[in-house]
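Scroll down for the structure; my scribbles are underneath it.
The values are calculated or read from the model by the stated rules, or taken from the named source; none is laboratory data. Everything numeric here is computed off the predicted structure, so don't read it as measured data. With ideal geometry, Cβ positions are generated from the backbone for all residues, glycine too; neighbour counts draw on all protein chains shown.
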């Protein structure tokens, strides 16, 4: 059985793929890690570098950048769930709280948040229109998946 994208924390997954030296990782991977840790300043800094032509702008680059099928929002809510990053990505950038990632299992931001056990991110997403009843390709909702895995939601420290 293939390992689910959500079974390994993102920093650990990228270490397995690219080695321990984050400076050697693709910039898109570093971008997602900045989002995972809720570091909005670093996220914007990397977006500026990714916008090599200087034509798109930071906001458009943040919205369009993905790596291994995940956007910054998927990484943020599945990571430490820092609400400053969530607010920036949803309120300022306008990212869709119901957008599936492009992984083979197609996870929503809400599924990433539940898998990460991040109650503040779950609440934020629900308050911003995340569909609790959205079904995946197998007909399961995020509640079914959480119950099946025994996910425990916790406040972020």
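The C-beta contact set for segment 26-55 (first residue without any contact (Cβ under 8 Å) to a residue 40 or more places away in the chain, second residue part of a loop (DSSP other than H, G, I, E, B), distance under 7 angstrom, 6+ apart or interchain) comprises 28/65; 47/65; 50/65; 51/57. Does segment 117-125 contain any residue that is part of a helix (DSSP H, G or I), in contact with a strand residue (DSSP E or B) (Cβ under 7 Å, 6 or more places away or on another chain) and over 24 Å from residue 28 (Cβ atoms)? Yes, segment 117-125 contains at least one residue that is part of a helix (DSSP H, G or I), in contact with a strand residue (DSSP E or B) (Cβ under 7 Å, 6 or more places away or on another chain) and over 24 Å from residue 28 (Cβ atoms). If I ask for residues that are in contact with a helix residue (DSSP H, G or I) (Cβ under 9 Å, 6 or more places away or on another chain), farther than 25 Å from residue 91 by Cβ and assigned to a loop (DSSP other than H, G, I, E, B), which ones from segment 22-53 would you list? The answer is 25, 26.
Which ones in segment 100-119 are within 14 Å of the chain's Cα centre (by Cα) and without any contact (Cβ under 8 Å) to a residue 40 or more places away in the chain?
At the first step, the residues of segment 100-119 found to be within 14 Å of the chain's Cα centre (by Cα) are 100-103, 106-118.
If the condition is that a residue be within 14 Å of the chain's Cα centre (by Cα) and without any contact (Cβ under 8 Å) to a residue 40 or more places away in the chain, then 100, 102, 106, 108, 109, 110, 113, 114, 117 are the ones that fit.
Working only within segment 144-157, note down all residues that are within 25 Å of residue 82 (Cβ to Cβ), at pLDDT 65 or above and surrounded by 13 or more Cβ atoms within 10 Å (Cβ to Cβ). Write out each step before concluding.
Initial filter on segment 144-157 (within 25 Å of residue 82 (Cβ to Cβ)): 145-146, 149-157.
Pick out the ones that are also at pLDDT 65 or above and you get 145-146, 149-150.
Within segment 144-157, 145, 146, 149 qualify.
Here residue 11 passes the criteria (1) assigned to a loop (DSSP other than H, G, I, E, B); (2) under 23 Å from residue 145 (Cβ atoms); (3) at pLDDT below 95 except the one numbered (1). Of all residues in segment 84-101, those satisfying the criterion of being surrounded by fewer than 16 Cβ atoms within 10 Å (Cβ to Cβ) and not in a loop (DSSP other than H, G, I, E, B) are 84, 87, 91, 92.
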